1. Among the residues of segment 97-117, which ones are within 13 Å of the ligand (Cβ to nearest atom) and among the hydrophobic types (A, V, I, L, M, F, W, C)?
2. Which numbered condition in (1) more than 12 Å from the ligand (Cβ to nearest atom); (2) part of a helix (DSSP H, G or I) is the only one that residue 33 fails?
3. Would you confirm whether any residue within segment 155-172 is at pLDDT 95 or above, buried (at least 19 other Cβ atoms within 10 Å of the Cβ), away from the ligand (no atom under 12 Å from the Cβ) and not β-branched (Val, Ile, Thr)?
4. Within the bounds of segment 11-25, is there any residue that is basic (Lys, Arg), near the ligand (Cβ under 9 Å from one of its atoms) and surrounded by 15 or more Cβ atoms within 10 Å (Cβ to Cβ)?
5. Of all residues in segment 36-68, count the ones that are in contact with a helix residue (DSSP H, G or I) (Cβ under 9 Å, 6 or more places away or on another chain), away from the ligand (no atom under 12 Å from the Cβ) and either at negative phi or in a strand (DSSP E or B) (or both).
6. Take segment 108-151 and flag every residue that is over 16 Å from residue 171 (Cβ atoms), small (Gly, Ala, Ser) and surrounded by fewer than 19 Cβ atoms within 10 Å (Cβ to Cβ).
7. I need the full set of residues from segment 93-123 which are outside any helix (DSSP H, G or I), at pLDDT 95 or above and not charged (D, E, K, R), in order please.
Amino acid sequence: MSKRGKVIVLVAPSGGAKSTMAKRLLNDFPDLRFSVSATTRPPRKGEVDGEDYYFLPDEEFDKKIEEDEFLEWEEFYNGIKYGTLKSDVEKQLNKGYFILLDIDVLGAVNIKEYFGSEGLTLFISPPSMDVLEQRLRNRNTETEETLSTRLKRAKKEISYADRFDTVIINDDLETAYREIKEAVERFMNT
Ligand code: 5GP
């Protein structure tokens with residue numbers, strides 16, 4: 001492989017089946033590689049350093065910010081930082097691989113700005129706020145408080161949808177995945 005690869009960003013508000021979609025894409029496209037982000041949050045049970053994230057202490061993350069090692073980074077409301085490392089992404093792109101990023105809405109908008117036509121941003125949207133609320137309730141993982149926080153955040157995220165290259169309405173999982181796969185195929189072949 002010699003041609004430089006391109007970047008694909010997948011974004012979905014809470015409950016948007018993003019990780020299922022990401023796994024399926026990685027399975028279906030052998031030239032697609034997952035970009036491992038850095039974060040200052042502690043690992044959750046089962047998460048592996050260097051696979052799920054690079055788990056960094058705050059000082060180390062800040063040093064990387066100073067040394068301009070991130071393509072984009074953000075500090076979330078809870079003080080936790082997340083960032084996409086330049087070196088990882090560039091290395092894979094130069095080898096001709098396509099990169100899949102699982103980052104938040106603002107990160108996606110920043111990546112699009114950086115990569116332009118060499119980047120594809122995909123937004124997986126719930127059919128409506130009511131459907132999203134129902135899906136979150138059905139999971140039985142939320143208290144009224146976390147539900148309300150998630151819904152507020154989702155509403156804000158959905159307001160950014162028109163800044164994405166492609167918006168996919170996740171009414172039915174299989175149909176939504178087919179649309180995502182087609183968009184990725186088109187992008188890879190142009
Ligand atoms: P979690 O802590 O649940 O793994 O991720 C929380 C949020 O951080 C998710 O929306 C995820 O997409 C986002 N995120 C993960 N890595 C990055 C990154 O490198 N940059 C940005 N901007 N967001 C990220």
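The values are calculated or read from the model by the stated rules, or taken from the named source; none is laboratory data. Computed from a predicted structure; not experimentally measured. Backbone-built Cβ (ideal geometry, glycine too); neighbour counts: all protein chains shown.
1. 99, 100, 101, 103, 105, 106, 108, 109, 111
2. (2)
3. yes
4. yes
5. Residues that pass the stated criteria total 0.
6. The answer is 116, 117, 148.
7. 96, 97, 98, 99, 100, 101, 119, 120, 121, 122, 123
Let's see how each residue does on (1) free of Cβ contacts under 8 Å to residues at least 12 places away in the same chain; (2) within 21 Å of residue 159 (Cβ to Cβ); (3) not β-branched (Val, Ile, Thr):
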| site | (1), (2), (3) |
| --- | --- |
| 67 | yes, no, yes |
| 70 | no, no, yes |
| 95 | no, no, yes |
| 101 | no, yes, yes |
